[in-house]
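Trainee: Mind having a look at this structure? Questions to follow.
The values are calculated or read from the model by the stated rules, or taken from the named source; none is laboratory data. Since the structure is predicted, the reported quantities are computational estimates derived from the model, not experimental observations. Here Cβ is always computed from backbone atoms with ideal geometry, including for glycine, and neighbour counts include all displayed protein chains.
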Amino acid sequence: MNEIIERMNVADAGKPGPTGNVIVTRAHKDAVTLSWSPPLDVGKSQKLCKYYVDKLAASHLSWEPAATVAGTTTTATITKLDRRETYLFRLRAENAMGIGPAEELPYAIATITAKRE
């Protein structure tokens, strides 16, 4: 068992750690803007390539890609959200060694329902 854990740790060596302080900075009727802090540990390559934002709708069973942004960017706007749905978001950083662990928002995001006139 320890051998398996050691192999997993070696495989993850050099990848970035989780991002920090993921927050919603703006909510629209069909979009949200997220911001975050870069990982404290960017890994052996010392440079982040990309961030991946995934979404999970409450009515779905699996995560879906929502946005990909450059490693120098710490915000992303997720558009085309269903106003009747509740979403969870997670964020992963990538460097030359691979993609690091996901950091999830600690709460669900309910999109704002627009009033019908």
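Trainee: Please go through segment 59-107 and pick out each residue that is within 18 Å of Ser35 (Cβ to Cβ), modelled with pLDDT under 90 and loosely packed, with under 13 Cβ neighbours inside 10 Å.
Mentor: Listed by number, the residues that qualify are Pro106, Tyr107.
Trainee: Please find, within segment 42-58, the residue that is nearest to Val69 (Cα to Cα) out of those that are of a type in the set (D, E, K, R) and surrounded by 14 or more Cβ atoms within 10 Å (Cβ to Cβ).
Mentor: Lys50
Trainee: Need pairs with beta-carbon distance below 9 Å; first residue under 30 Å from Gly14 (Cβ atoms) and small (Gly, Ala, Ser) and within segment 98-117, second modelled with pLDDT of 75 or more and not in a loop (DSSP other than H, G, I, E, B); sequence gap 6+ or separate chains.
Mentor: Between residues of segment 98-117 that are under 30 Å from Gly14 (Cβ atoms) and small (Gly, Ala, Ser) and residues that are modelled with pLDDT of 75 or more and not in a loop (DSSP other than H, G, I, E, B), the close pairs are Gly100/Arg92; Gly100/Ala93; Gly100/Glu94; Ala102/Tyr52; Ala102/Asp54; Ala102/Arg90; Ala102/Leu91; Ala102/Arg92.
Trainee: From the list Leu88, Leu61, exactly one residue is among the aliphatic types (A, V, I, L, M), under 15 Å from Pro106 (Cα atoms) and without any contact (Cβ under 8 Å) to a residue 40 or more places away in the chain. Which is it?
Mentor: Being among the aliphatic types (A, V, I, L, M), under 15 Å from Pro106 (Cα atoms) and without any contact (Cβ under 8 Å) to a residue 40 or more places away in the chain holds for just one of Leu88, Leu61, which is Leu88.
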